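> The structure is given below, and queries will be raised subsequently.
The values are calculated or read from the model by the stated rules, or taken from the named source; none is laboratory data. No experiment lies behind these values; they were computed from the predicted model shown. Here the Cβ positions follow ideal geometry from the backbone for every residue, glycine too, while neighbour counts run over all protein chains shown. These accessible areas exclude ligands, DNA and RNA; they are computed on the full protein's heavy atoms, side chains included. Shrake-Rupley method; radii C 1.70, N 1.55, O 1.52, S 1.80 Å.
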Amino acid sequence: MWFSKSKEEVLKELNVDPLLGLSEADAKARLKKYGYNKLRGQKKKNVVQLFFAQLNDWLIYILLAAVVITLFMGEYMDAVIIILVIMTNAVLGVVQEVRAGKAIEALQKMSVPRALVRRDGVVKEVDSEKIVPGDILILDAGRFIVADVRLTESANLQTEESLLTGESVPSEKDESCVYDNPKTPLGDRANTAFMSTLVTSGRGVGVVVETGMKTEVGKIANLIIRAKKPRTPLEIRLDKLGKTLGMFAIGICGVIFIIAVIQGRDMAEMFLMSVSLAVAAIPEGLAAIVAVVLSIGVTSMSKKNAIIRKLSAVETLGSVNIICSDKTGTLTQNRMTVTTYFNLEGKRTIDRGRENTITGDVRLFVKAMILCSDATCENGQGTGDPTEVALLVAGDELGMDRRAINAENKRAGEFSFGSDRKLMSTLNEENGRFTVYTKGAIGNLLKLSTHVLLQGKVIPITEGHKQQYLAAAVEMSDKALRTLGAAYKPVGTVIPPDEMEKDLVFLGILGMIDPPRAEVKSSIEKARNAGITTLMITGDHRNTAFAIAYELGIAERMDQAITGEDIDGLSERQFNDTISRYRVFARVSPEHKVKIVRALKSQGNVVSMTGDGVNDAPSLNAADIGISMGITGTDVAKGASDMILADDNFATIVVAIEQGRNIYNNIKKSVVFLLASNFGEVTSVFITLVIGWQAPLIATQLLWINLITDSFPAVALGMEPGNPDVMKEQPRDSKESFFAGGAALHIVFGGLLIGALAICAYWYGYHEHGFSPLDDHIPVSVVEYARTMAFMVLVICQLFYALAVRSSSRSVFQIGIFSNKYLVGAIVLGMLLQLAVIGIPFMQRAFHLQMPDLHGWTIVVIFGLVPLVLNEFSKIFVRARLKKA
Ligand code: ATP
């Protein structure tokens, strides 16, 4: 077992040099040999299985029963039609499901963790699936470990292995351990790190020993029960609504059937009629439509850099009224440049383009900054934390020879950066002497310093020195500079991390600019117009934070800024009561972020919170929408978030909110349309039967209508282009009913109107031939003619009504008839199919239709347009009322 061997042995066995890593060619060859590094999940259903899954529905069973009955009745054509309807519905269902599934899969792929490996001597990011045994994997805090690795280096490395061991306390890792007993339990194997666990702190390097199903987690992969695809609250709500309406529809069909029996109508025919009506009335497609519209929406969001991880986020986005945003990198460019430095000898600026010479105390100060850094910078190209890259660049500009300094001062220990301490320390060895170098937030560093360096001499620190440094820091912060201090201390030997940050000698401070992102100011303004307040949450100094917040229009007065320390001084109640006063939260730690989210939520806000670090996971979870950073974010933060910003940009959050609002509105339009159409069909059949007329539609006609209107127009409505005014509206109240804002009215009145028009057209069909629907002996051709009229009017009304539900206030001309080409396509297709069914003799016979004459066509067209036209008129009043308000 490799964990019982020394790291040298393992490296030799895997034939890899830890400093170079594998060559790309070797990695390719190994990938062929060992296969992709992935866990086999549950098998996906193929198309045939999906097709049969569609048929596994009680509605379909009823339709199949209807097929049997029609066969008994000798109505073979009807049986064929019903079977065709079932098949077409199932095929459409499969297409929708595959589409939605593909979109979600593509999104999941985008948020798969990538691994940092050393290949051909360079560190690069590689798709975790392409990791092979022998790869040299770099591990740092917040990263998911993508394979089983035997560690070759480790510095305070801790990993969380609860998935494997059930133990949530992080395990300490140490590459130097070797185990004699091959049965050492997983939790005790300190020299190995396992796939699917994550680094909670520290750094490490390891060689990959197993990948894919051969890893420890792979061995139990089958035991890890995969959660069923989670459904969004909206899907669940609509599914429930569908079921309720379904029961209602069945009730009505039952009533119709009973009435028909009492009236002494043909039983078999009435049974078929009731079944078809049930199929037409039950909004069984509701959840499917939501899934399709959501998947189309999230795909378009991902193209705009907002990668949705949890579908439920889309609806919540529309209700967000507070965005809590990190400063560095999200509101600012994260392109730091050191401009000023200060020590007890005075303040200086870096003169770019000229030679800067530094001596004595400043040299040691800059040396500390260079050594206490994990970043690299070659030929102006930096990797790692931009703050640290800026320090290296400043070192170069100040004429320090970084390579020589790094070569002469080997790192012998470190205490990695923690956003709660806001400090980082390294222990370096130079000619057998050890020195601790610490850099970080000035206030914290001053608290730990007992001495200062002044003209080459170490003297005890005085209150005066501290005041001088603090005043200089405030001066820099007021100019929106990010400040950082450095200190050092000589020590006799190697000391553990918790001994490093005390009794330090303070060296100096520096200030760096990080300009705001260009597009952020207008996005904040746009958010404000949409009723959304932006708050800045940052680890940085209060004055720096305020200066940038002021520039961006987030805060106007200094008293709108509060620090983490101030928050600690308030009781939970006090904080909850006063939180609405603040716009800037400075010098906060990840724990404060959780407090902020809770306080904001306690005031009834719907909160989105950004985060990138390991410790940000709790606040991301606590927020209504947790947003992580795609570029600088750790895997932990990404895993805890609902949405990832692929470009780390604040402006993308606002874009996502806009899209979220539009997607929700589109879902609403589809649902309103579906329900209004169904309601129209039920109304027309129910009323005519109650007043004793013959049924206005036969079973196959109802199924045909259902097929034409429930599929394409409903999906096309979900693909409506965004409403340009959507960001002028206030956020949607998260408790607001789905049917608020006129939706219920649209369904009921729209449905009633369509039903009434169909009945009138039906009556007209009789009247045109000199009959009344209540007459006793009406020729079959006349009944068929009247049904054709009802059939045509229902379909045309519904197709045009799709245009009406596009907006509750804007007219079709304002929106632009052709602005949703999918809908135009769906309507045209519906019309063509309608002409086909009536114009092609064989279909006309199959569906028992008659060709209307000129009068008939005139009625069809005029009646068909009535719901749309009436809607247009009602919108004039709506617009007038909105204007007044
Ligand atoms: P935000 O929370 O807005 O993304 P931030 O970068 O200001 O921004 P942190 O990264 O937590 O927040 O940094 C907080 C403070 O910690 C900084 O103001 C600085 O004083 C210190 N700091 C930041 N990066 C380092 C580092 N690499 N080493 C030492 N100290 C650092």
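> Do you know which residues across segment 14-51 are at pLDDT below 90 and part of a helix (DSSP H, G or I)?
Once the filter is applied, which keeps residues that are at pLDDT below 90 and part of a helix (DSSP H, G or I), segment 14-51 yields Val47, Val48, Gln49, Leu50, Phe51.
> Ok, one more. If you go through segment 436-456 one residue at a time, do you hit one that is within 12 Å of the ligand (Cβ to nearest atom), under 20 Å from Ile350 (Cα atoms), among the polar types (S, T, N, Q) and not in a strand (DSSP E or B)?
No, that holds for no residue.
> As an exercise: evaluate Glu729 against (1) more than 25 Å from Met831 (Cβ to Cβ); (2) crowded, with 24+ Cβ neighbours inside 10 Å and give the number of the one condition it does not meet.
With (1) more than 25 Å from Met831 (Cβ to Cβ); (2) crowded, with 24+ Cβ neighbours inside 10 Å applied to Glu729, the lone miss is (2).
> Could you pull out the residue among Thr339, Thr316, Thr332, Thr349 that is within 21 Å of Gly380 (Cβ to Cβ) and either in contact with a helix residue (DSSP H, G or I) (Cβ under 7 Å, 6 or more places away or on another chain) or crowded, with 22+ Cβ neighbours inside 10 Å (or both)? Outline the logic, then answer.
On the way: Thr339 fails: either in contact with a helix residue (DSSP H, G or I) (Cβ under 7 Å, 6 or more places away or on another chain) or crowded, with 22+ Cβ neighbours inside 10 Å (or both); Thr316 fails: within 21 Å of Gly380 (Cβ to Cβ); Thr349 fails: either in contact with a helix residue (DSSP H, G or I) (Cβ under 7 Å, 6 or more places away or on another chain) or crowded, with 22+ Cβ neighbours inside 10 Å (or both).
Testing whether each residue is within 21 Å of Gly380 (Cβ to Cβ) and either in contact with a helix residue (DSSP H, G or I) (Cβ under 7 Å, 6 or more places away or on another chain) or crowded, with 22+ Cβ neighbours inside 10 Å (or both) leaves just Thr332.
> So the check is Cβ under 9 Å with 6+ separation or different chains; which pairs have a first residue in segment 581-604 that's over 19 Å from Ser477 (Cβ atoms) and a second one that's among the hydroxyl-bearing types (Ser, Thr, Tyr) and within 10 Å of the ligand (Cβ to nearest atom)?
From residues that are over 19 Å from Ser477 (Cβ atoms), the pairs are Pro590/Ser419.
> Now for a different question. Please report, ordered by residue number, the helices (runs of 4 or more DSSP H) entirely within segment 533-601 with at least 2 residues that are open to solvent by 10 Å² or more (accessible area, probe 1.4 Å) and in contact with a Ser or Thr (Cβ under 9 Å, 6 or more places away or on another chain).
Numbers: elements: 542-552, 564-568, 572-578.
Result: 542-552, 572-578.
> With respect to Ala473, is the statement that it is assigned to a helix (DSSP H, G or I), among the hydrophobic types (A, V, I, L, M, F, W, C) and either at pLDDT 95 or above or within 11 Å of the ligand (Cβ to nearest atom) (or both) true? Steps first, please.
On the way: assigned to a helix (DSSP H, G or I): yes; among the hydrophobic types (A, V, I, L, M, F, W, C): yes; either at pLDDT 95 or above or within 11 Å of the ligand (Cβ to nearest atom) (or both): yes.
Taking the combined requirement at face value, the residue satisfies it.
> Select from segment 79-117 the residues that are open to solvent by less than 40 Å² (accessible area, probe 1.4 Å), out of contact with any Ser or Thr (no Cβ under 6 Å at 6 or more places or on another chain) and closer than 19 Å to Met195 by Cα and list them in ascending order.
Hits for segment 79-117 are Ser111, Leu116, Val117.
> Could you please find all residues in segment 738-784 being closer than 20 Å to Leu882 by Cβ and not in a helix (DSSP H, G or I)?
Residues satisfying the conditions are Phe739, Ala740, Gly741, Gly742.
> Only one of (1) within 14 Å of the ligand (Cβ to nearest atom); (2) in contact with a helix residue (DSSP H, G or I) (Cβ under 7 Å, 6 or more places away or on another chain); (3) modelled with pLDDT under 95 is not met by Met536, so which one is it?
(3)
> Here's another thing I want to ask about it. So which of Phe863, Phe842 is of a type outside the set (S, T, N, Q) and loosely packed, with under 11 Cβ neighbours inside 10 Å?
Working: Phe863 fails: loosely packed, with under 11 Cβ neighbours inside 10 Å.
Unique residue meeting the criteria: Phe842.
> Moving on to the next point. Restricting to segment 785-826, name every residue that is of a type in the set (Ser, Thr, Tyr) and outside any loop (DSSP other than H, G, I, E, B).
Tyr785, Thr788, Tyr801, Ser819, Tyr822
> Let me ask something else about it. Give the residues of segment 222-264 that are assigned to a loop (DSSP other than H, G, I, E, B) and at pLDDT below 80, sorted by residue number. Don't jump to the end; show me each part of the working.
Step one: filter segment 222-264 for residues assigned to a loop (DSSP other than H, G, I, E, B), giving 222-232, 263-264.
If the condition is that a residue be assigned to a loop (DSSP other than H, G, I, E, B) and at pLDDT below 80, then Asn222, Leu223, Ile224, Ile225, Arg226, Ala227, Lys228, Lys229, Pro230, Arg231, Thr232 are the ones that fit.
> If you go through segment 130-145 one residue at a time, how many are at pLDDT 90 or above, of a type outside the set (Val, Ile, Thr) and under 23 Å from Ala640 (Cβ atoms)?
Final tally of qualifying residues: 2.
> Checking Glu414 against (1) surrounded by fewer than 20 Cβ atoms within 10 Å (Cβ to Cβ); (2) within 18 Å of Glu501 (Cβ to Cβ), which single condition isn't satisfied?
(1)
> Tell me which residues, restricted to segment 278-327, are more than 16 Å from the ligand (Cβ to nearest atom), of a type outside the set (A, V, I, L, M), farther than 19 Å from Arg237 by Cβ and not in a helix (DSSP H, G or I). Spell out the reasoning first.
Keep residues of segment 278-327 that are more than 16 Å from the ligand (Cβ to nearest atom), which gives 278-322.
If we keep only those that are of a type outside the set (A, V, I, L, M) as well, we get 283-285, 295, 297, 299-300, 302-305, 309-310, 312, 315-316, 318-319, 321.
Then keep just the ones that are farther than 19 Å from Arg237 by Cβ; that gives 299-300, 302-305, 309, 321.
Correct list: Lys304, Asn305, Arg309, Asn321.
> Please identify the pairs in which a residue from segment 413-424 that is more than 6 Å from the ligand (Cβ to nearest atom) has its Cβ atom under 8 Å from the Cβ atom of a residue that is of a type in the set (Ser, Thr, Tyr) and open to solvent by 30 Å² or more (accessible area, probe 1.4 Å), counting only partners at least 6 apart or on another chain.
Ser416/Ser201; Gly418/Ser201
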